[in-house]
Amino acid sequence: MAFLAKFLKTAAVAATALGLAAGAAQAEKKDLTLAYVEWSDTVVATNIVKTVLEEAGYKVKLVPLSGAAMWQAVATGEADAMVAGWLPATHEAYNAKLKDKVVNLGPNLSGAKIGWAVPTYVDITSIEDINKDPAKFGGKVIGIDPGAGLMKASEKAIKDYGLKVKLVEGSDATMVAALKDAYAKKEPIVITTWTPHWMFAEWDLKYLADPKNVFGGEETVNTIVSTKLKTEAPEAYKILDNFSLSLDDEQKVMVENNKPGADPAATAKAWVAANKAKVDAWMK
């Protein structure tokens with residue numbers, strides 16, 4: 001009996017040690033870094049993914065970068081992932097250069113689009129129409145951050161259509177501010193834009209036809225991860241692989257983020273809490 005008691009005590013100690021070891025292993029999950037571009041749609045998707053990964057027990061850091069730097073960060077392993085790889089056209093140059101140094105987990109959103117848009121009160125329907133009276137638009141097209149795929153396509157559009165306009169560099173925020181000001185005064189304006197974006201819910205806008213197909217057709221937004229992530233954080237890899245949103249999902253959260261005092265982290269947490277079935281499917 002003494003032997004049995006000693007055996008059971010030893011087994012209990014061993015079991016406790018194993019349990020502590022397992023708990024320690026779980027607690028020591030790799031810290032994750034997500035790179036993103038400060039576009040309204042990417043802010044939504046990245047904060048939602050961050051919330052879900054944190055619920056899975058990871059510590060997650062968000063790092064805002066330019067499009068080129070975002071791809072480079074994932075390729076070098078400085079960032080573990082991003083959910084903002086616009087393909088096949090917008091990020092074509094980045095993908096061509098770095099596709100062998102990253103892992104593309106496929107689309108997390110379909111039905112995306114880039115191009116130029118004007119308010120519906122502006123009486124043109126095609127990019128070609130801008131040359132009828134460039135001065136009406138102040139001789140400019142209002143752009144976003146320099147180096148973005150949309151900006152490179154816009155430079156090509158100006159050349160291919162022979163437009164007498166200047167592409168103005170800025171950011172998502174400065175482009176939206178210019179649109180808001182022009183719309184309030186019912187002034188003509190041409191902006192570089194994309195879908196999904198909350199501005200289409202806020203104002204009546206229309207894409208300009210692109211007969212030369214400079215901006216391409218429908219795009220997908222893809223999840224791109226580092227080559228080491230599957231080994232270093234297999235659970236995170238699986239969540240990112242399963243992650244997907246609809247255009248409606250993103251645009252509804254974007255509208256919430258546009259309200260005064262909104263916090264993207266808080267709106268993401270609210271969306272995750274309200275969409276448990278979708279989130280559970282990503283975490284399986």
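The values are calculated or read from the model by the stated rules, or taken from the named source; none is laboratory data. Being a predicted model, the structure only gives us computed values, none of them experimental. Don't worry about glycine lacking a Cβ; one is built from the backbone with ideal geometry, like all the others, and counts go over all protein chains shown. We work out accessible area using only protein heavy atoms, side chains counted, and drop any ligands, DNA or RNA first. Shrake-Rupley method; radii C 1.70, N 1.55, O 1.52, S 1.80 Å.
Taken as a whole, the structure places Pro146 among residues that are of a type outside the set (D, E, K, R), in a loop (DSSP other than H, G, I, E, B) and under 30 Å from Asp249 (Cβ atoms). Consider Thr220 carefully, then state whether it is under 21 Å from Val74 (Cβ atoms), β-branched (Val, Ile, Thr) and in contact (Cβ under 8 Å) with a residue 40 or more places away in the chain. Yes, satisfied.
Scanning segment 185-215 for residues that are aliphatic (A, V, I, L, M), open to solvent by 30 Å² or more (accessible area, probe 1.4 Å) and part of a helix (DSSP H, G or I) gives a single hit, Ala201. If the condition is being open to solvent by 30 Å² or more (accessible area, probe 1.4 Å) and small (Gly, Ala, Ser), then segment 76-100 contributes Ala89, Ala93, Ala96. Please name all residue pairs, on different chains or six or more residues apart, with Cβ atoms under 9 Å, provided the first residue is in segment 152-164 and is touching a residue at least 24 places away in the same chain (Cβ under 8 Å) and over 14 Å from Ala93 (Cα atoms) and the second residue is polar (S, T, N, Q) and assigned to a helix (DSSP H, G or I). Close Cβ pairs satisfying both conditions: Tyr161/Asn131; Gly162/Asn131; Leu163/Asn131; Lys164/Asn131. One residue stands out among those in segment 43-75 that are among the β-branched types (Val, Ile, Thr) and in contact (Cβ under 8 Å) with a residue 60 or more places away in the chain: the one that is most open to solvent (accessible area, probe 1.4 Å), which is Val43.
For Glu187, the requirement of being closer than 17 Å to Leu247 by Cα, free of Cβ contacts under 8 Å to residues at least 60 places away in the same chain and over 18 Å from the mean Cα position of the chain (by Cα) is not met. Being in contact with a strand residue (DSSP E or B) (Cβ under 8 Å, 6 or more places away or on another chain), of a type outside the set (Lys, Arg) and modelled with pLDDT under 95: is that true of Gly111 here? Criteria met by Gly111. Counting only helices (runs of 4 or more DSSP H) wholly contained in segment 37-100, the ones carrying 1 or more residues that are of a type in the set (D, E, K, R) occupy 40-55, 92-98.
Scanning segment 261-284 turns up no residue that is in contact (Cβ under 8 Å) with a residue 24 or more places away in the chain, aromatic (Phe, Trp, Tyr), open to solvent by less than 30 Å² (accessible area, probe 1.4 Å) and not in a helix (DSSP H, G or I). With respect to the conditions (1) among the hydroxyl-bearing types (Ser, Thr, Tyr); (2) at pLDDT 95 or above; (3) surrounded by fewer than 19 Cβ atoms within 10 Å (Cβ to Cβ), Ser154 falls short on a single one, namely (3). Tell me whether segment 216-238 contains one or more residues that are touching a Leu at 6+ places or on another chain (Cβ under 8 Å), part of a loop (DSSP other than H, G, I, E, B) and at pLDDT below 95. Taking every residue of segment 216-238 in turn, none turns out to be touching a Leu at 6+ places or on another chain (Cβ under 8 Å), part of a loop (DSSP other than H, G, I, E, B) and at pLDDT below 95.
Does segment 177-184 contain any residue that is more than 23 Å from Ile127 (Cβ to Cβ), part of a loop (DSSP other than H, G, I, E, B) and open to solvent by 30 Å² or more (accessible area, probe 1.4 Å)? Checking segment 177-184: not a single residue is more than 23 Å from Ile127 (Cβ to Cβ), part of a loop (DSSP other than H, G, I, E, B) and open to solvent by 30 Å² or more (accessible area, probe 1.4 Å).
Could you say whether any residue in segment 101-111 is closer than 27 Å to Leu247 by Cα, assigned to a loop (DSSP other than H, G, I, E, B), open to solvent by 30 Å² or more (accessible area, probe 1.4 Å) and among the small types (Gly, Ala, Ser)? No, segment 101-111 contains no residue that is closer than 27 Å to Leu247 by Cα, assigned to a loop (DSSP other than H, G, I, E, B), open to solvent by 30 Å² or more (accessible area, probe 1.4 Å) and among the small types (Gly, Ala, Ser).
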